[in-house]
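Reviewing the structure listed below.
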Amino acid sequence: MSELGNILLLGACLLSLVYLFLPLNSYQFITTSVFSCVSASMVILIYCHITNNFLLENVYYHSHTTKSLIYKICGVWGNKEGSMLLWTLVLTFYLFLMGIFIDNDSELKKVSLITQGLICFCFLLFTLLESNPFTKMSSIETDGLGFNPILQDIGLAIHPPILYLGYLGFSVPFSLSIAGLIASTEGNIWARIVRPWVLVSWSLLTLGISLGSWWAYRELGWGGFWFWDPVENVSLMPWLIAVALTHLLLVVRNFNVLRNFAILLTLTTFILSVTGTFLVRSGILASVHTFADDPRYGLYILALLGVITVSSFVVFIAFAKKNRSLTPLPVIPASHVGITLEGTPKQNFPVFSRFTMMLMNNLLFITAFFIVFVGTLYPIMLEYLTGELISVGAPYYNSLFNPIALAILVLIMVGQHCRWQGNSLLTIFREYRFSFCSAVAILPFIFHMELMIVLSITISIALLVFVLEAYSKRIRLFKVALSESILLAGRVPKSYYAMMLAHAGVTILVFGITYSVGWLEKKESCLKIGDSITVNKFKVTLRNIELIKEKNFHAVRGTMDIKNLLNNKVLGEVTPEYRFYLVEAQKSVESSIYHNLFSDIYVVIGEIDKSKSKIATKVHYKPGMPIIWLGSFLIALGSLLTAFSSNRTKVV
């Protein structure tokens, strides 16, 4: 089976090169063949894990006969070799989709498929030579060494595949950008083709990051969802640039300006995605999320990253000047006040216009990216150059990143109601004064909190009301008969609803994070049966302690009742566990969470003090957690719907 897996990978690797030598009409067969070969090799590896084929190093070092079936399957990508095979599978999947959805008989399609094929070739070759999941053991083994306990969670089954779909989705805009430069494609045409791919990738990356946070919240036992961990940061960096790119592409599509800037952001986004896989697999970063330990492994990925970066920027420099003569679409009338674009026929944009707001927002997102970039990589560079070890933690990011995030929210609030032709800030305030008043009205209830919390809640509520008020004006709610408003609602473009969802998701996410941070409570104590811990209005009482034995772990399980002190009613129970995994010889905590509509009661336990018959217990009152997950989901859903909505939006 392992020999067949290697043959299939080798076949896919060689086939990904033939785009250079064959006509365009044969490309679809090749893309299907490449994807089929890699898919078959993944099926073979999964089969080897399910059947406990310990002749393979990948199975021996990362599995065991006592592992449940679901973790045998998803454990395939819980290691560096298997995750690299998943990486190539997703890459070739996007190659397959490009062959289907990009228009035929175009120079853009030909060059983009060649570029994507070369990227696939590089990673397939790397997988074969340095990260081969089909390497055989030198001895015969009857059982494996087990699997990291913190990865034995349902989050592992869905988080990595979706995160990779987000990361590697940006390879398609990357390839289309290289093709757009070489083929001298007009900016508005190029943007119309690229934008759906960017939106889908960004949506999946958003969902992948959110699922990673959800996994960390449930599995790591500290009760948080974001720790500014270096590996969390490397997924956030392409996300920030992609947000700027999605908005900039709207400008390029509508006005045929700033195409080269958009291409530069597109190239950067995919390069950052590859940078992420280098940092995670090189052993440079210290994190629970990283795979490894092998400097040579990281060196190969670094070399591959260097090839992709240098070659893409050489193409950009060589062809960007050639295309500077592209003519902007004459949509916005000239004005004596505003921004003038250099290198194009005279075209001015008023200061308070949607165009200007988008540019300012882009600059803020890029600034936020550099804050995260410096905070993540500066300690690494300092250690490499001087040997000094430093840690950049939450205080750095909170002091620099949070004000930028709030400024972005303000610009979103103002910008989405500016016209492309421009209008005055006073007009916007008059038209949407209800939104501002609604936000100010809550200040008396939160005045005692920190300034940043007050600002975050005020701005997020204002933006949410802004979105709803703008929609109500669009359908003339309460100004005409309800039946007419319903008819008007049916005529609103799907892209507008998608934008509403995404922006509402942003406000809900910010509100949830602020609510969670500002009103968090946590207590810890050693409890014996009958003892309680009280947080907020909830009383957590230890009802029972028991020892449970499963095939691959033993655990102490505490059963605790959750009571609402306001009505003295028992709401439910939680069952946190303190596990010992037998094969891995590792301890692990399993949190148990009681979910309310707007908050969580999060409980973890530790070891039993046998002399006192007590167990260490931590209880967190986590307000806003369901709101955070809802906001993340709405952002991902809104951007996904935007990608599949009409690609022609009326410019107003």
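Computed from the coordinates by the stated procedures, all read-outs in this text should not be read as laboratory data. Since this is a predicted model, take the numbers as computed values, not measurements. Here the Cβ is made from the backbone with ideal geometry for all residues, glycine too, and neighbour counts use every protein chain on show.
Report, in deg cm²/dmol and to the nearest 500, the calculated mean residue ellipticity at 222 nm for the chain, where each DSSP H run with n ≥ 4 adds -39500 (n - 2.57) and the sum is divided by the residue count. Roughly -20000 deg cm²/dmol at 222 nm, from the helical runs in the chain. Pairs exceeding 31 Å between alpha-carbon atoms, taken from LYS539/LYS610; LYS551/LYS622; LYS563/LYS610: LYS551/LYS622. Label separation (GLN586 vs ILE158): 2.3 nm, computed from points 7 Å beyond Cα along the C-beta direction. Put the Cα centre of the range 5-53 next to the Cα centre of the range 105-148 and the gap is 10 Å. Once you order the gyration tensor axes a ≥ b ≥ c over the Cα atoms, which shape class does the range 125-171 get: rounded for a/c under 1.5, otherwise prolate or oblate by comparing a/b with b/c? Oblate, since a/c reaches 1.5 and b/c is not below a/b. Shown for the chain are the DSSP H helices of 24 Å or more along their axis, judged by Cα atoms, with a mean Kyte-Doolittle hydropathy of at least 1.6: 295-320, 451-474, 625-644. Where the alpha-carbon atoms of the range 1-145 are placed on the principal axes, they occupy 54, 27, 19 Å, in descending order. The aspartates and glutamates within cross-link reach of LYS522, meaning a Cα-to-Cα straight distance under 13 Å and a gap of 8 or more places when in the same chain, are ASP600.
Computed from backbone phi with θ = phi - 60° and the Karplus coefficients 6.51, -1.76 and 1.60, the 3J(HN,Hα) list for the range 601-608 is 10, 10, 10, 10, 10, x, 6, 7 Hz; x is used for glycine and proline. Binning all Cα-Cα separations of the range 572-652 at 10 Å, short to long from zero, yields these whole-percent fractions: 15, 26, 23, 17, 10, 6, 2, 0. Just checking my list [x] 62, 43, 25; [y] 42, 38, 21; [z] 45, 32, 26 against semi-axes √(5λ) of the Cα gyration tensor in Å computed from this structure; which label fits? It is the one labelled [y]. Here the extension length gained between GLU607 and SER68 equals 191.5 nm, from 0.36 nm per residue of separation less the Cα-Cα distance.
The aspartates and glutamates within cross-link reach of LYS473, meaning a Cα-to-Cα straight distance under 17 Å and a gap of 8 or more places when in the same chain, are GLU431, GLU484. With contacts taken as Cα pairs under 8 Å at a separation of at least 6 residues, the range 534-652 carries a relative contact order of 16 percent.
Each label point was placed 7 Å from the Cα along the Cα-to-Cβ direction; for ILE390 and LEU22 their separation is 5.3 nm.
If packing is taken as the average count of other Cβ atoms within 10 Å, what order do 620-628, 479-487 fall into, highest mean first?
Highest mean packing first, the order is 620-628, 479-487.
Evaluating kT/(6 pi eta Rh) at 37 °C and 0.692 mPa s, with the Kirkwood radius of the range 467-524 over Cα pairs in the Stokes-Einstein relation, gives 240 µm² s⁻¹.
Can you work out the FRET efficiency for the pair SER532 and VAL410, with r the C-beta to C-beta distance and R0 = 56 Å, to the nearest 0.05? The computed FRET efficiency comes out at 0.80.
Number of Lys-Lys pairs in the range 1-145 with C-alpha atoms under 20 Å apart and a separation of 8 or more places or on different chains: 4. Note on the range 521-627: along the principal axes its Cα atoms extend 44, 33, 19 Å, ordered by decreasing extent. On the basis of the beta-carbon distance and an R0 of 45 Å, ALA320 and ASN567 show a calculated FRET efficiency of 0.10. Summary value for the chain: 11 percent relative contact order, contacts being C-alpha pairs under 8 angstrom separated by 6+ residues. The mean of 1/r over all pairs of different alpha-carbon atoms in the range 499-582, once inverted, gives a Kirkwood hydrodynamic radius of 15.7 Å. Between TYR61 and SER39, the C-beta separation translates, for a Förster distance of 30 Å, into a calculated FRET efficiency of about 0.80.
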